[in-house]
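So the structure is just underneath, and the comments pick up after that.
The values are calculated or read from the model by the stated rules, or taken from the named source; none is laboratory data. Everything numeric here is computed off the predicted structure, so don't read it as measured data. Because the Cβ atoms are built from the backbone with ideal geometry, glycine has one as well, and the counts that use them run over all protein chains shown. Areas reflect the complete protein model, heavy atoms only, side chains present, ligands, DNA and RNA absent. Shrake-Rupley method; radii C 1.70, N 1.55, O 1.52, S 1.80 Å.
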Amino acid sequence: MINGQCSMEKVDLIIIGAGPGGYRAAEYAAKQGLKVVIFEGSEVGGTCLNVGCIPTKTYVHSATFAEARERMASVVPQLRQGVETILSHPNITLVRENASFATTPLLLERLRVGESCSGMGLGEAPIIIATGSETKWLPIKGKEDPRVVDSTGLLNLETQPKRLAIIGAGVIGMEFASVFNRFGTEVTVIEYLKECLPALDSDIAKRLRKYLEKGGITFKMKTAVEDIADIDADVVLMATGRKPRVQADFANAGIEFDERKGVTVDDHFKTTVNGIFAIGDVNGKQMLAHAAEMQAIHVVNQIIGKPDNIRFDIMPAAIFTQPEAACVGPTEDQLKAEGLAYECRKSFWRANGKALAMGETEGMLKLFVSPEDGAILGCHAYGAHSADIVQEVSVLMCKHTTIAELADMVHIHPTLSEILKSAVE
Ligand SMILES: Cc1cc2nc3c(=O)[nH]c(=O)nc-3n(C[C@H](O)[C@H](O)[C@H](O)COP(=O)(O)OP(=O)(O)OC[C@H]3O[C@@H](n4cnc5c(N)ncnc54)[C@H](O)[C@@H]3O)c2cc1C
């Protein structure tokens, strides 16, 4: 249905949600010749494009709050238009409505999608649920205080706060702390745990936190907020994580889910109901835009019977503080806890010619390798463009490259990629 008109007779795939998971599934399936119907109850592009990755990275790459707002107002609609173009493929029907599962799975149409779409023959087609996630609000006393916002609320602020308190030193909290500190806002981060960014190697995380602290951010670690009234700030960002956006009506189709963990899926993103898949944040497995996209490809490949070798166990991730941090594979603490034999090779930005030339000398890389066969187990780093270096490691891991093989690979001089080469040498 486009503008109220159902236009498709035969449907091969139904997708709920047009974020990175949903729209990528639609684009890929349509190119493979499938007729796709995709439902989106809000703007296309999902969290990532509208209130997540893209607007936050526009903030990261702006010098002032005013510039960030101005750039966000042009970048986001431009990219959204790009997704609208993708979804205008002749094999795709975009339905601008929320979809829900009808009360009885015995109905021919499993989806309740509004009068205008009845009779579309949606009953037989596989379904991909890609409804994403939403802010997880902690039940802290005073959370209704008008000063309290989530990441979307912070991005919507029209005036720059003088003092910003951030509850939670996870990815979202740390990125906003770094950005607003640079804009000149007085930033305090309050975190219950001992260290920030729990997915990052604790050594790397600590160095990054100390560096940001020197840059002016106040960190109150091992501190639990009990009452918002105790916080002295103009704005309080609740950055205590995200939770999968599950709907009570999923149960109507017999889909198993948990409010906290999301829709239950197997390693191939199949739900407990045959023919229904759940990808992206809603399955709570790896809440990253690139994970959602690759899960989309994997599910469509299953539907069309095309084998693939996507390695979901090798999932690089980045944190866009300044400098940025990135990781792939286990942390040193995890390697120790699992009793795995490993060697840790380190290298530093301050010893790299390009980093010195750029004036970006803060940073450290840790490469974990197996002492038995030289296999690369993982890499954690912080420093300018560390995400690009970790991306290289992640490709090498997918190809089972050993460090001896890596040592034989030529790296351009002078580049930051030589930081990885130095770790091997
Ligand atoms: C502040 C912030 C910064 C982030 N930065 C990064 C980053 O730098 N890198 C990164 O990899 N990830 C980042 N993320 C995470 C990233 O945004 C998500 O992992 C990604 O958007 C998940 O994609 P998705 O398709 O699963 O869900 P979403 O992007 O959440 O999309 C789901 C879509 O489904 C729609 N929908 C929901 N229910 C229905 C329904 N019943 N019917 C129809 N439509 C429905 C929603 O309106 C939404 O458009 C960030 C997140 C936030 C909040």
Is region 351-370 home to any residue that is β-branched (Val, Ile, Thr), outside the structural domain of His290 (by TED's automatic domain parsing) and touching a Leu at 6+ places or on another chain (Cβ under 8 Å)? yes
Can you pull out the residues in region 128-147 that are open to solvent by less than 60 Å² (accessible area, probe 1.4 Å), within 18 Å of Val236 (Cα to Cα) and within 11 Å of the ligand (Cβ to nearest atom)? Thr135
Please identify the pairs in which a residue from region 75-87 that is under 22 Å from His61 (Cα atoms) and assigned by TED's automatic domain parsing to the domain that holds Thr58 has its Cβ atom under 7 Å from the Cβ atom of a residue that is of a type outside the set (A, V, I, L, M) and open to solvent by 50 Å² or more (accessible area, probe 1.4 Å), counting only partners at least 6 apart or on another chain. Arg80/Glu43
Among the residues of region 193-208, write down those that are touching a residue at least 40 places away in the same chain (Cβ under 8 Å) and open to solvent by less than 20 Å² (accessible area, probe 1.4 Å). Leu197, Leu200, Asp201, Ile204, Ala205, Leu208
Answer yes or no: is there a residue in region 293-315 that is closer than 27 Å to Lys136 by Cα, in contact with a Ser or Thr (Cβ under 6 Å, 6 or more places away or on another chain) and not assigned by TED's automatic domain parsing to the domain that holds Val60. yes
Which residue out of Ala337, Ala325, Ala291, Ala317 is free of Cβ contacts under 8 Å to residues at least 40 places away in the same chain, buried (at least 18 other Cβ atoms within 10 Å of the Cβ) and not charged (D, E, K, R)? Ala291
Since Asp249 meets every condition but one in (1) modelled with pLDDT of 95 or more; (2) surrounded by fewer than 23 Cβ atoms within 10 Å (Cβ to Cβ); (3) in contact with a strand residue (DSSP E or B) (Cβ under 7 Å, 6 or more places away or on another chain); (4) closer than 30 Å to Asn98 by Cβ, which condition does it not meet? (1)
Of all the residues that make up region 286-306, how many are touching a helix residue (DSSP H, G or I) at 6+ places or on another chain (Cβ under 7 Å) and assigned to a loop (DSSP other than H, G, I, E, B)? 1
Inside region 38-66, the number of residues satisfying the requirement of being β-branched (Val, Ile, Thr), in a loop (DSSP other than H, G, I, E, B) and either within 8 Å of the ligand (Cβ to nearest atom) or crowded, with 17+ Cβ neighbours inside 10 Å (or both) is 1
